[in-house]
Amino acid sequence: MKVILQKEIDKLGTPGEVVTVADGYARNYLVPRGLAIKATKGVVQQGEAMRRNRQARDARDREAAQALADQLSGKRIELRARAGEGGRLFGSVTSADVVDAVRTQTGVELDRRKTQLAEPLKELGPAEIPVKLHSDVEVTLTVDVVPE
């Protein structure tokens, strides 16, 4: 059965895409949950319009993310934290702390979920933190954790 996706589905497609799926998958899962609609001539044209709009929005988002990446690249963010002997921190520095430091030092608003900090920082010193601003745009922040 041919359906037009309304929402992005992993390993199947993006909104507005016409895909062929098993009848039962469409009838019992995709259509009842509002993830897809059955493809008819009028709906296919609507899907084309959705895809064009999504591509234009994606291009705008990519340009905005690239501008943000240019603004952040090369910046060194200084983060103050309480530390004990040997450079170990009391507590840790999380992605929320990094986002707050970026906001206060550069004025740039970031989403903490976009920072790809594998584990919270627990020691003093510099750290490289990748930030995924868009699916195609990634910037690396240099965060220097210094004692208070």
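Under 5 Å between amide hydrogens, built in the peptide plane, is the criterion, and for ALA83 it picks out PHE90, GLU148 among residues at least 5 positions away or on other chains. For the chain, with all protein chains in place and a probe radius of 1.4 Å, 46% of the accessible heavy-atom surface sits on carbon or sulfur. Using heavy atoms of the protein chains and a probe of 1.4 Å, the accessible area assigned to SER92 is about 50 Å².
Near the amide H of GLU17, within less than 5 Å, lie the amide hydrogens of LEU5, all on another chain or at least 5 residues away, with H placed in the peptide plane.
Computed from backbone phi, the HN-Hα couplings of segment 18-27 come to 8, 10, 9, 10, 5, 4, x, 5, 5, 5 Hz, rounded to whole numbers (Karplus: 6.51 cos²θ - 1.76 cosθ + 1.60, θ = phi - 60°; Gly and Pro given as x). Straight-line cross-link partners of LYS114 among the lysines, defined as a Cα under 19 Å from its Cα and at least 8 positions apart when in the same chain: LYS75, LYS132. Among the lysines, which have Cα under 18 Å from the Cα of LYS38 when same-chain residues fewer than 8 positions away are ignored? List returned: LYS2, LYS7. Taking Cβ atoms as reference points and 9 Å as the exclusive limit, the residues near ALA26 contribute a net charge of +2, counting Lys and Arg as +1 and Asp and Glu as -1. Here the Karplus relation 6.51 cos²θ - 1.76 cosθ + 1.60, evaluated at θ = phi - 60°, turns the backbone of segment 109-121 into coupling constants of 8, 10, 8, 4, 6, 7, 6, 9, 8, 4, 9, x, 6 Hz, with x for every Gly and Pro. Using the Cβ of VAL44 as centre and a radius below 15 Å, the other residues enclosed give a net charge of +3, where K and R count +1 and D and E count -1.
3J(HN,Hα) along segment 36-50: 7, 10, 5, 7, 10, 4, x, 5, 5, 5, 5, x, 4, 5, 4 Hz, from the Karplus curve 6.51 cos²θ - 1.76 cosθ + 1.60 with θ = phi - 60°, whole Hz, x for Gly and Pro. Counting charges near HIS134 (Lys, Arg +1; Asp, Glu -1) among other residues having Cβ under 11 Å from its Cβ returns a value of -1.
Eigen-decomposition of the gyration tensor built on the alpha-carbon atoms of segment 1-117 gives equivalent ellipsoid semi-axes of 45, 19, 9 angstrom, largest listed first. Computed across segment 6-62, the Kirkwood hydrodynamic radius from all distinct Cα-Cα pairs reaches 12.0 Å.
The values are calculated or read from the model by the stated rules, or taken from the named source; none is laboratory data. Keep in mind the model is a prediction, meaning the values are calculated, not measured. No Cβ is skipped: glycine too gets one built from the backbone with ideal geometry, and neighbour counts run over all protein chains shown. For accessibility, only protein heavy atoms count, side chains too; no ligands or nucleic acids. Shrake-Rupley method; radii C 1.70, N 1.55, O 1.52, S 1.80 Å.
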